[in-house]
């Protein structure tokens, strides 16, 4: 049976924290290291619209969730804080559904 804990390897180290996983992904793919949990990815230029789609694919694969077209909204995806709340809602919905 597969583990329910999502694990990402970064430089050989297992990263368990969702926030750190996303930070590592952004850093490695968009070459941005310095941003806060509430910074808007789009408004600050951390990620452009094409990069946002790459982030969506990463989130779907790493967290085993399906992001519907109607959920592709800034309030769900445009900062670490927003992503955290969104991922938790999706996981809760999957467990209760």
Identify the residue in the stretch 56-72 that is part of a loop (DSSP other than H, G, I, E, B) and within 13 Å of the chain's Cα centre (by Cα) and, among all such residues, is surrounded by the most Cβ atoms within 10 Å (Cβ to Cβ).
67
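Listed here are the residues, each with its yes/no results for (1) farther than 18 Å from residue 94 by Cα; (2) touching a helix residue (DSSP H, G or I) at 6+ places or on another chain (Cβ under 9 Å).
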| site | (1), (2) |
| --- | --- |
| 50 | yes, no |
| 59 | no, yes |
| 69 | no, no |
| 84 | no, yes |
Of the residues that make up the stretch 28-46, is at least one assigned to a helix (DSSP H, G or I), under 15 Å from the mean Cα position of the chain (by Cα) and modelled with pLDDT under 95?
no
Based on what the data block shows, is residue 53 modelled with pLDDT under 95, surrounded by fewer than 15 Cβ atoms within 10 Å (Cβ to Cβ) and either in a loop (DSSP other than H, G, I, E, B) or within 13 Å of the chain's Cα centre (by Cα) (or both)?
no
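The values are calculated or read from the model by the stated rules, or taken from the named source; none is laboratory data. Quick caveat: nothing in here was measured; it's all calculated off a predicted structure. Quick reminder, even Gly has a Cβ in these numbers, built from the backbone with ideal geometry, and neighbours come from all protein chains shown.
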